[in-house]
Amino acid sequence: MAGLRVLVYALPMTQFTEPRFGVNDVPTNTRTSVLAVLSLVSGLLSLIGCCLVVVSPVTGLAGILMGVIAIFAINASQGRLGGMGLAISGVVTSLIGLVLSVVIFFGINQGLSRFSAYGDAVATAQSADRTGLDKLMTSKAANEATTEGLDHFRDQTLADLGKYKRVKPGMLTFVKNFATLEKAKDIASSGKQAGFNVIPIPVEFEKGDASLFVLLEAGNPQGATPQTPYGLIVNMGVLDPRTDKVIWMIDPAAQPSGSTNTPPPTDPAAAPAPPKTATPETADPTPRT
């Protein structure tokens, strides 16, 4: 019995250890992470559509989320998942696209908010403040704006739409409002020929929404101030969507845009010569016999 115990203790003990992968022992069934690929696709879409403020933020956030999840999944897969570079590229491109879309969104809204100054011109006209209105118009437009025309503009807008409230915010609202420019195509075409631009601005009155057409000087307009950030007003009209009728401050039919009141220069050579006046005959002092 003692010899058996010695034999048992003399036998080497078998050690069982879990197999471990070495540094270079990578599984042969490695596959690319689907989330990493989708993250890169979303990031590229976010960069391409950074000007589309509705699409780019969605794809940008989705790309960042899928990229981060893919990075954690690849690290925890012990080599069974690949695509780390794709995931990192997806996160970077998605982040850049998201930042660009936010910057563009706020920049466009900041520029569109400046059109509210021209909406205030409607409130000035409705309050019959002729002095304040003249400061917002070019000198030519101020001379062409008659008291009867301004009274008609004030009375008609108050009767049909009520008091002016505000310029409607939002880039999509401005984009949709450009469709109303067809209602003022006549003044728009004549304005382009005369060097003016017609800007349709979505506005809100007490009785509902409307479109404000502002005629501004093209090129390098004069009078760029906080009250008129894009130049002085040449003319403006309000489109009532219920009647499809434009109420103009200065009637385009009475005074077309771009016309001048200065008479054409005359050529002195072509001027008719003044009529000759007959000179009376002098009497002969010598008496006749």
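Points worth noting:
- Sorting 148, 204, 217, 182 on solvent-accessible area from highest to lowest, probe radius 1.4 Å, gives 148, 182, 217, 204.
- Dimensionless Rg ratio for the range 39-129, taking C-alpha atoms and the 2.2 N^0.38 Å reference: 1.72
- Sorted into 5 angstrom bins from 0, the C-alpha pair distances of the range 68-188 split as 2, 9, 11, 12, 14, 10, 7, 5, 5, 5, 5, 4, 4, 4, 3, 1, 0 percent.
- Per-residue ³J(HN,Hα) for the range 178-183, Karplus 6.51 cos²θ - 1.76 cosθ + 1.60, θ = phi - 60°, Hz, x for Gly and Pro: 5, 5, 6, 5, 4, 5
- If you take all other residues with their beta carbon under 13 Å from the beta carbon of residue 148, and give Lys and Arg +1 and Asp and Glu -1, the sum is -2.
The values are calculated or read from the model by the stated rules, or taken from the named source; none is laboratory data. Being a predicted model, the structure only gives us computed values, none of them experimental. Methodologically, a virtual Cβ is constructed for each residue, glycine included, from the backbone with ideal geometry; neighbour enumeration extends over all protein chains shown. Keep in mind that these areas ignore ligands, DNA and RNA; they rest on the heavy atoms of the full protein, side chains included. Shrake-Rupley method; radii C 1.70, N 1.55, O 1.52, S 1.80 Å.
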